[in-house]
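Working notes for the structure below.
The values are calculated or read from the model by the stated rules, or taken from the named source; none is laboratory data. Small disclaimer: the values here were computed from a predicted structure and weren't measured. Here Cβ is always computed from backbone atoms with ideal geometry, including for glycine, and neighbour counts include all displayed protein chains. SASA here: full protein model, heavy atoms, side chains in, ligands and nucleic acids out. Shrake-Rupley method; radii C 1.70, N 1.55, O 1.52, S 1.80 Å.
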Amino acid sequence: MSKRPLGAQISHMLKSRGIDVIFGIPGVHNQEMYRGIEEAGLAHVLARHEQGAGFMADGYARASGKPGVAYVITGPGLCNIMTPLGQAYSDSVPVLAISSCLDETAAQRGQLHQMLDQEAAAGCVCDWSHEARSAGAAYALIDRALGEFTARRARPKHIQVPIALLEGLAEAPPDALPGDHPASGGALDPGALEEVAAALTKAETPLFIFGGGMAAAGSGMQEAARALLDRSGAAGFTTYAGGGLLAPDAPMSFGSYLGRPDSARVLARADLVIAIGTELSENDLWRSELGHEGTLIRVDIDPEVLADRHRAQIRLRADAACFARGLLDHLPQEASPKWDPARIARARAAFRAETDAERPGIVPVCAALQAAMPEDMMVFSDMTQFAYTGKEVWDLPRPGHWHHPTGFGTLGYALPAAIGGAVARPGRPTLCIAGDYGFQYTMQELGTAVELGLPLPILLWDNGKLKEIEDSMVRAQIAPKSVVAKNPDFAALARAYGAHAEVPETIPEVVAAVLGAFEADAPTLIHVTPGVAG
Ligand SMILES: Cc1ncc(C[n+]2csc(CCOP(=O)(O)OP(=O)(O)O)c2C)c(N)n1
Ligand SMILES: [Mg+2]
């Protein structure tokens, strides 16, 4: 193929590697990257802020399993996308940010968009951040990023390309590497699987913890999780990210209640705990210790997780799907339950009652929505009380369908991430859940959602304040300070953007509004206050 400016070649290269959409904002510095977008047949989603573009790329990646790619300008564009990159790092999401950068920074001060060290700044929130100093280096870095997304724990990457290089003519990129990159840790030692199977068969009260690594391991994981319980007699918890792996009413399931303090008592009763694809991080447990007293087996693709403080006696570096399928090969076809299902049901009911008492008014809304929502709905939630409760009591019918800014915990995630998710799954239902304060971090992306004509319900949980923070201050005996903000008229704001708005007054009206929004020609802001529950 003939030479083209490098900026255009990069878009062609991404298209040839299976990328279909870029999220971003153009500027004079990175405009050469836009030259190739149309030409290569890529779609481009224009965000209203680079933070939005980054979260859209994140949501797109979580919903599609493919990398999310964002184009941003030098300096402020890169700074604005750093928060989403930090979020993608903590939640292991494959996001690739490509930015322009200045040709010369050390000897020339005062240039447009100049900052001291852009490459290093991004490096603080990414797996890596590198400057390409030639076309060949840009191509190599792109292939390295894409390869690493599948070959090991997915983490965001940043590549910056000097403006003059983007403008200069470059040879075509090399052909894509043949075949898939093998997932690391794929081949498991059969001896290790036999050892785990023997321990599981011998155990009197075995317990599984299924995490996000298992939910993300592809199709068949729900069946695998159920079979692991059925064929070993074990009980199981899911982490928030593993939600949906076990049916809400599965008799041996303790649900997604690992973060309840009392789950430690269940853990202490287990003589064997097998944790698959979970970091067992602060965000999973809300305590420092898991609480187990018996043997702990960790299975994870990431050596850093295996070596952590939880004192696992057996550590297996493996992909969750390989491990689950391999272990099933070593288990009998059936086993009698080793836990009392009535006791598990009582524990689940107690966990649910505690959750309801902690943040009242949310469980009934979740219950009504759970009963009525379409099977393949995907949720993107923000840092709001509605989501904290929802993630515990509302197990979606499918794993990997509830996405939350778990690790970094960034307010403003939900709307742009939901937009990215909806772009990834056209024609399938996506629900956005945000709080009244967090929504205002990125609410300008309503414009993007309207422009794309997305049938996106936005459930805005408006308790009129930063309620989680107020509750926390009260618990710490701090007189609540700066936890009430003057809110706009959210429905009017949504309509001003060209979106629809609904203000339901009862729970059935909330359900009807969400279902109606899936059929609309634009997003619908559904303004819900705690009064709706009664
Ligand atoms: C970027 C960022 N800044 C600050 C916080 C701290 N924070 C967490 S929740 C919260 C208040 C959220 O209020 P709202 O969205 O109304 O949700 P509610 O707790 O009221 O349901 C704040 C300020 C954060 N998580 N992220
Ligand atoms: Mg609030």
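Some notes on this structure:
- Residue pairs whose Cβ atoms lie under 8 Å apart, sitting 6 or more positions apart in sequence or on different chains, and linking a residue in the stretch 413-438 that is in contact (Cβ under 8 Å) with a residue 12 or more places away in the chain and polar (S, T, N, Q) to a partner that is open to solvent by less than 10 Å² (accessible area, probe 1.4 Å) and not in a helix (DSSP H, G or I), are Thr430/Met377; Thr430/Met378; Thr430/Val379; Thr430/Phe380; Thr430/Leu456.
- Any hit, the stretch 34-54, residues being in contact (Cβ under 8 Å) with a residue 40 or more places away in the chain, within 13 Å of the chain's Cα centre (by Cα) and surrounded by 21 or more Cβ atoms within 10 Å (Cβ to Cβ): yes
- If the condition is being more than 14 Å from ligand 1 (Cβ to nearest atom) and either assigned to a helix (DSSP H, G or I) or under 23 Å from Ala494 (Cα atoms) (or both), then the stretch 453-476 contributes Gly453, Leu454, Pro455, Leu456, Pro457.
- The test for being away from ligand 2 (no atom under 13 Å from the Cβ) and at pLDDT 95 or above holds for Leu446.
- Whichever residue in the stretch 200-221 is part of a loop (DSSP other than H, G, I, E, B) and polar (S, T, N, Q) and, among such residues, is surrounded by the most Cβ atoms within 10 Å (Cβ to Cβ): Thr205
- With respect to (1) within 11 Å of ligand 2 (Cβ to nearest atom); (2) open to solvent by 40 Å² or more (accessible area, probe 1.4 Å); (3) closer than 27 Å to Val511 by Cβ; (4) of a type outside the set (D, E, K, R), the lone exception for Phe439 is condition (2).
- Odd one out for Leu141 among (1) within 23 Å of the chain's Cα centre (by Cα); (2) buried (at least 16 other Cβ atoms within 10 Å of the Cβ); (3) of a type outside the set (D, E, K, R): (1)
- Matching residues in the stretch 409-436 - criterion: being open to solvent by 10 Å² or more (accessible area, probe 1.4 Å) and away from ligand 2 (no atom under 16 Å from the Cβ): Ala422, Val423, Ala424, Pro426, Gly427, Arg428, Pro429
- Cβ-Cβ distances below 8 Å connect the following pairs, each with a first residue in the stretch 447-473 that is on the phi > 0 side of the Ramachandran plot, a second residue that is open to solvent by less than 30 Å² (accessible area, probe 1.4 Å) and more than 13 Å from ligand 1 (Cβ to nearest atom), and a separation of six or more residues or different chains: Gly453/Ala522.
- Residues of the stretch 228-245 that are assigned to a loop (DSSP other than H, G, I, E, B), of a type outside the set (A, V, I, L, M, F, W, C) and either surrounded by 22 or more Cβ atoms within 10 Å (Cβ to Cβ) or under 23 Å from the mean Cα position of the chain (by Cα) (or both): Ser232, Thr239, Tyr240, Gly242, Gly243, Gly244.
- Residue among Ala197, Ala225 that is touching a residue at least 40 places away in the same chain (Cβ under 8 Å) and surrounded by fewer than 23 Cβ atoms within 10 Å (Cβ to Cβ): Ala197
- Among residues of the stretch 246-273 that are part of a helix (DSSP H, G or I), those with a beta-carbon under 7 Å from a residue that is of a type in the set (Lys, Arg) at least six positions away or on a different chain give the pairs Ala264/Arg287.
- The residues in the stretch 66-121 that are in contact (Cβ under 8 Å) with a residue 60 or more places away in the chain and under 27 Å from His12 (Cα atoms) can be counted, and the count is 22.
Residue-by-condition table, conditions (1) aliphatic (A, V, I, L, M); (2) open to solvent by less than 10 Å² (accessible area, probe 1.4 Å):
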position: Gln444; (1), (2): no, no
position: Val450; (1), (2): yes, no
position: Pro455; (1), (2): no, no
position: Leu460; (1), (2): yes, yes
position: Asn463; (1), (2): no, no
position: Glu468; (1), (2): no, no
position: Asp471; (1), (2): no, no
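- The set of residues in the stretch 374-403 being within 16 Å of ligand 2 (Cβ to nearest atom), farther than 19 Å from Pro364 by Cβ and out of contact with any Phe, Trp or Tyr (no Cβ under 7 Å at 6 or more places or on another chain) consists of Met383 alone.
- Condition met for Pro523 (away from ligand 2 (no atom under 16 Å from the Cβ) and under 26 Å from Gly409 (Cβ atoms)): yes
- Close Cβ contacts (under 8 Å, 6 or more residues apart or on different chains) running from residues in the stretch 308-332 that are over 18 Å from Glu289 (Cβ atoms) to residues that are of a type in the set (D, E, K, R) and open to solvent by 100 Å² or more (accessible area, probe 1.4 Å) comprise Ile314/Glu195; His330/Glu194.
- Residues that are surrounded by 21 or more Cβ atoms within 10 Å (Cβ to Cβ) and either free of Cβ contacts under 8 Å to residues at least 12 places away in the same chain or among the small types (Gly, Ala, Ser) (or both) within the stretch 491-510 comprise Ala494, Ala499, Ala501, listed in sequence order.
- All positions within the stretch 285-306 that are of a type outside the set (A, V, I, L, M), over 22 Å from Ser232 (Cβ atoms) and under 23 Å from the mean Cα position of the chain (by Cα): Trp286, Arg287, Ser288, Asp302, Pro303, Glu304
- Meets criteria (over 23 Å from Gln370 (Cα atoms), assigned to a helix (DSSP H, G or I) and open to solvent by less than 30 Å² (accessible area, probe 1.4 Å)) for Ala513: no
- Subset tally (residues that are open to solvent by 10 Å² or more (accessible area, probe 1.4 Å) and in contact with a Lys or Arg (Cβ under 9 Å, 6 or more places away or on another chain)) for the stretch 1-20: 5
- Residues in the stretch 477-486 that are more than 9 Å from ligand 1 (Cβ to nearest atom) and surrounded by 13 or more Cβ atoms within 10 Å (Cβ to Cβ): Pro480, Val484.
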